[in-house]
Amino acid sequence: MRIKKLTALVALTALAVAALVATSTAGAKTKHRGVSGSVSMTGIWTGPEEQNFQAVIDGFTKANPGVKVKYTSSGDQTPTVLSTAVAGGNPPDLAAVGQPGLMKDFASRGALKPIDFAKGVIAKNYTPSWSTLGSVKGHLYGLFFKGANKSTVWYNVKAFKNAGVKPPATWPALVTAAKTLRASGTPAYAIGGADGWTLTDLFENIYIRSAGAAKYDQLTNHQLKWTDGSVKAALKIMGQIFGDTANIPGGRSGALQTDFPTSVDQVLNATPKAAMIFEGDFVPGVSKSGSKALTDYNVFSFPSVNGSAPAVVGGGDMVIMFKDTPAARAFVSYLATSQAAAIWASKGGFSSPNKNVKASTYKDPLNRSTAIALAHAKTFRFDLSDLQPAAFGGTVGQGEWKIFQDFLKNPKNVNGIAASLEKSAAAAYKKK
Amino acid sequence: MSGGASVTAEPPARGAPPAAEPGGLRKHAVAVGFMLPAAILLGVWVVYPAVYTVFRSFFNATGKKFVGIDNYTALWSDELIHKSIVNNVYWVLVVPALITAIGLVFAVLTERISWSVAFKTAVFMPMAISLFAAGVIWRIMDQQEPGRGALNGVIGAVHDSFSPPGVLADASPSVPSLKGSASQGLVLQKPLGSGGEALLGLTGIPPEGMPAGAKQAVAPQPADGKIVGVVWRDFKPGGGVPGKVEPGELGIPGVKVALKDPKGGTFASTTSAADGTFSFDGVKGTGYKAAISAQTFRKPFSGVAWLGPRLVTPAVMIAYIWVWAGFAMVVIAAGLSAISREVLEASRTDGATEWQVFRRVTVPLLAPVLSVVFITMLINVLKVFDIVLSVAPGSTQTDASVIALAMWRTSFGGVNDFGLGSAIAVFLFVLVIPILLLNVRRFKREA
């Protein structure tokens, strides 16, 4: 979650949005003429993200002068705020949340209204993975408005040039490139091991490419045990990186003390301490280095493992509906259009899952490539750890975060790590 | 106080009995009126939450199912809580005693210096900072990398002045026949004789890490009676062929190369030229070996892992002591100034040494103050929480965990098990009660 705030920092470039707003208003005007009322909404977008979303709202209210949309930010506290509001019987009309688990929880308690009316426009604008993720028992409850692509590897252009290596497309090529990088004098991998979630993200990317989407789904729902052979195989592949301690700045123990922002600057700084980092499209937003895209740093897609087809692991913020009013319906339908997404996309710091947002809308070339890869991915899966019970998938110092840190400490212990993952997952699911 | 009030209330009661009752009632009403706001605040923010916490600890995570004492039995099997209790025991054993001792030493010593006010202000200063902010300061100072953490920066500066890092700290051999380790230096395993050549290729040196003045490496020309060789950065973009001097690969100047004779002694040593070449004259027979000394590869100080699993709890304790030592010093100094000087003078005239005065007179006289400081710290240490959260990074938060932190993490840190969290809170409450009682009794005695 905290990354999302940082993501937006990158994107404060003021741009000529007027033209886009005008086109979107034209599109929306024809559809929802005559709707009136007010819409209350809360969500996780704060700071620059809130401002950009306000521009999206303005695009709607210009076309529908009868509707007032009031967005208040709840930041990281959104789940707590919503749970309290639902318990108190007075939720907002709409909310933007980052956890599919929260949506499912509210839907199963009957607190949410389905948004099946938007199925048509979503089918037109999104790949099927997104509606599957937003559905509970055949009804659509969540509209993904903002996405995040976590299947990216960022690298320092100078370090790659010094070593004479090119962005690798396959796993063996990556390992070879890492050796060459080490010989050239720059360790290959920056690892922010103090933040356990960076390690789970790496595992998820390796797993979906080595075991496939079907097993990924089974593991997500704990229908597959963590002691499964496919998990161990993925851990072994991961161990090729963790085991190469000379190729990590500060070695493994150094990596365990390195937090995520530090690991980003190890790569993005002008004199890099490491050549590449495995993390999502929010990486440049975290950097304090002032480096420039393309000339100083660049990005490539997560390499293919054993010839696997491209797949994207990521996250997303979805809009959910608590009160079914004509005004809320009109606004949700509007958010599903490419015009609405384009308003924010043109401002930067945003990846739309909407595949009809034109590539030229993104001003930053790297933002463009990661966003387009996300929206057009045939296989998209939500971050696995984010779909787990929090005790297992999202808590500092325990569950996945802690166990993958233990794995970084001792990458030979594949069987032991698989066993403790299974033990921790089983305990968390039992409590659930 | 109440005794005094009843005395003043009595005379009018005697003079005019009927008027006494409404007056008493009014007094009562006034008292209640003054008490009420405090009572409401206490009730809403202390009594109700405390009672509800006990109640909540008998329910499961969702709060819908009564689970009896399950949460309390879970306390004993939960690894995090187990670790937290052990850590809390260390805290209780070490920290209050250390803070009291340091405060005592500071208080006694500052009595004798003219700039004591300045010193006391400096030591007391951390008390003005919130504990969380103090934790953040220490977390930054505790960073492992000497360039980022002040503590390791100081240790590193001292360390590196005694054993300066080598010119090629990160280098490693490019071919398997060049063996050794950073501590012993590298030795070319191939025995050399007259007319032999030694190719000492190194990799892992960043371009900006090359010594100034390095030139294109030159393959040595073997000659009779000589052993010639080259030390060079055996890398060009793309990798190149290991063990072969290629265009674009630089020689490394200034590397000390030794020639070991067949018996293991040093035959001669020399320094490589700008193109990396070196040669040894007057070589007879065979069995020589070329070596690069360990000094070349000596790594700079890499930093103590203050925030690693082993040292993180001591690191947090140091931060905590840094904050609270000032408090202890000020309280003890106040107590010290209340001690009669005559007693101290008397014992000095009786021939007691300074140590004896301190040990046998000052400390016993200060005992009440010392126990106040000690017990206050004991209670604080049992409840210690925010500084642990702010000093320990995520990867070692479990290693540094204490009971209050375990309670917070279980309740709000993502797990959101309010049942178990409440049970931990109750457990902590029970631990604090005996010390509180001790304190209350002491207050009563003093009153």
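What follows is calculated from the coordinates using simple rules that are stated; it is not laboratory data. This structure is a prediction, so every number in the text was calculated from the model and none was measured. Positions of Cβ are generated from backbone atoms using ideal geometry, with glycine treated the same way; all protein chains shown enter the neighbour counts.
Nearest 5 percent is fine: what portion of the DSSP beta bridges confined to the protein assembly as shown is antiparallel?
Details: 47 of 71 bridges.
Percentage antiparallel, nearest 5: 65.
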Exercise for the section: With a ≥ b ≥ c taken as the square roots of the eigenvalues of the C-alpha gyration tensor of the range B:43-153, please select rounded if a/c is under 1.5 and otherwise prolate if a/b is larger than b/c or oblate if it is not? Expected result: prolate
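Based on Cα coordinates alone, diagonalise the gyration tensor for the range A:109-243, multiply each eigenvalue by 5, take square roots, and list the semi-axes in whole Å, largest first.
Numbers: eigenvalues 274, 76, 33 Å².
Over the Cα atoms of the range A:109-243, the ellipsoid semi-axes are 37, 19, 13 Å.
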Completion exercise
Scaled by the rule-of-thumb 2.2 N^0.38 Å, the alpha carbon Rg for the range A:66-176 gives a ratio of 1.56
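Of A:Lys430/B:Lys65; A:Lys161/A:Lys378; A:Lys409/B:Lys299, which sit over 25 Å apart, Cα to Cα?
On the way: A:Lys430/B:Lys65 14 Å; A:Lys161/A:Lys378 32 Å; A:Lys409/B:Lys299 22 Å.
Correct reply: A:Lys161/A:Lys378.
Within 10 Å, count the other beta carbons around each residue, average over each peptide in B:265-278, A:92-105, and list them highest first. Intermediate values should be presented prior to the final figure.
Details: B:265-278: 17.4, A:92-105: 21.6.
Per-residue mean Cβ counts within 10 Å order the peptides as A:92-105, B:265-278.
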Problem - Along each principal axis, Cα extent of the range A:268-385, largest first, Å - result: 56, 36, 27
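Percent antiparallel among DSSP beta bridges with both residues in chain A, to the nearest 5? Walk me through the intermediate numbers first.
Working: 22 of 39 bridges.
Just about 55 percent of them are antiparallel.
What FRET efficiency would be calculated for the residue pair B:Ala294, B:Glu354, taking the C-beta separation as r and a Förster radius of 41 Å, to the nearest 0.05? Spell out each step's value before the answer.
Working: r = 51 Å, r/R0 = 1.24.
For B:Ala294 and B:Glu354, the calculated efficiency is 0.20.
What is the dipole size for chain B, taken about its Cα centre, with +1 at each Lys and Arg Cβ and -1 at each Asp and Glu Cβ, in debye to the nearest 20?
520
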Practice task
Go ahead and estimate [θ] at 222 nm for chain B from helices alone: -39,500 (n - 2.57) per DSSP H run with n ≥ 4, summed, over the residue count, rounded to 500.
Solution key: -16500 deg cm²/dmol
Exercise for the section: Let me have the relative contact order for chain A, percent, based on Cα pairs under 8 Å that are six or more residues apart. Expected result: 26
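About the Cα centre of the range B:184-294, how large is the charge dipole given +1 on each Lys and Arg Cβ and -1 on each Asp and Glu Cβ? Please answer in debye to the nearest 20.
On the way: 11 positive and 9 negative charges, 59 e Å.
About 280 debye.
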Handout entry: Folded to 0 to 90 degrees: helix B:403-412 orientation relative to chain B principal axis, Cα
Key = 90
Exercise for the section: Could you state the angle between the C-alpha long axis of helix B:131-141 and the longest principal axis of the C-alpha atoms of chain B, as a value from 0 to 90 degrees rounded to the nearest 10? Expected result: 10
Exercise for the section: Work through the residues other than B:Val343 whose Cβ is under 13 Å from its Cβ and net out their charges, Lys, Arg +1 and Asp, Glu -1. Expected result: 0
Fill in the blank from the handout: the range A:78-229: relative contact order from alpha carbon pairs under 8 Å, six or more residues apart, as a whole percent, is 11
Problem - Distribution of pairwise C-alpha distances over chain A, 20 Å bins, in % - result: 26, 56, 17, 0
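Going by how many other beta carbons lie within 10 Å of each one, how would you line up B:Phe34, B:Phe162, A:Phe144, fewest first?
Details: B:Phe34 10, B:Phe162 7, A:Phe144 25.
Ascending number of Cβ neighbours within 10 Å: B:Phe162, B:Phe34, A:Phe144.
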Fill in the blank from the handout: With the label point 7 Å along the Cα-to-beta-carbon line of A:Thr271 and a cut-off under 17 Å to each amide N, the hits in the range B:136-170 are B:145-149, B:165-170
Practice task
Assuming a ≥ b ≥ c are the square roots of the Cα gyration tensor eigenvalues, decide whether the protein assembly as shown counts as rounded (a/c under 1.5), prolate (otherwise, with a/b larger than b/c) or oblate.
Solution key: oblate
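Can you figure out the FRET efficiency of B:Val343 with B:Tyr52, using R₀ = 56 Å and their beta-carbon distance, to the nearest 0.05?
Values: r = 53 Å, r/R0 = 0.94.
After rounding, the FRET efficiency stands at 0.60.
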Problem - chain B - percent relative contact order, Cα under 8 Å, separation 6 or more - result: 23
Practice task
Measure off 7 Å from each Cα along the Cα-to-Cβ vector at A:Ala173 and A:Lys412, then give the distance between these two points in nanometres to one decimal.
Solution key: 3.3
Practice task
Pick out, from B:Val175, B:Gly135, B:Gly213, the residue whose Cα sits farthest towards the positive end of the charge dipole of the range B:122-266, with +1 on the Cβ of Lys and Arg and -1 on the Cβ of Asp and Glu.
Solution key: B:Val175
Handout entry: Cα-Cα P(r), the range A:336-429, percent of pairs per 10 Å interval
Key = 16, 29, 18, 25, 12, 0
Fill in the blank from the handout: Helix B:363-382 sits off the longest principal axis of the Cα atoms of chain B, rounded to the nearest 10 on a 0 to 90 degree scale, by 70
Problem - 22 Å Cα-Cα threshold exceeded, pairs from A:Lys124/A:Lys323; B:Lys215/B:Lys284; A:Lys150/A:Lys347; A:Lys104/A:Lys358; A:Lys423/B:Lys383 - result: A:Lys124/A:Lys323; B:Lys215/B:Lys284; A:Lys104/A:Lys358; A:Lys423/B:Lys383
Fill in the blank from the handout: Those helices of chain A passing the 24 Å axial Cα length cut-off and the mean Kyte-Doolittle cut-off of 0.5 (DSSP H runs only) are none
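Would you mind working out the magnitude of the charge dipole of the protein assembly as shown relative to its Cα centre, with +1 at each Lys and Arg C-beta and -1 at each Asp and Glu C-beta, to the nearest 20 Debye? If you can, show how the numbers build up before the last one.
Numbers: 83 positive and 53 negative charges, 315 e Å.
Dipole about the Cα centre, nearest 20: 1520 debye.
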Completion exercise
Largest fluctuation, B:Thr73, B:Thr53, B:Thr353 only, Gaussian network model of chain B with Cα springs under 10 angstrom, belongs to B:Thr353
Practice task
Using only the Cα atoms of chain B, build the gyration tensor, take square roots of its eigenvalues as a ≥ b ≥ c, and label the shape rounded, prolate or oblate: rounded if a/c is under 1.5, else prolate if a/b is larger than b/c, else oblate.
Solution key: prolate
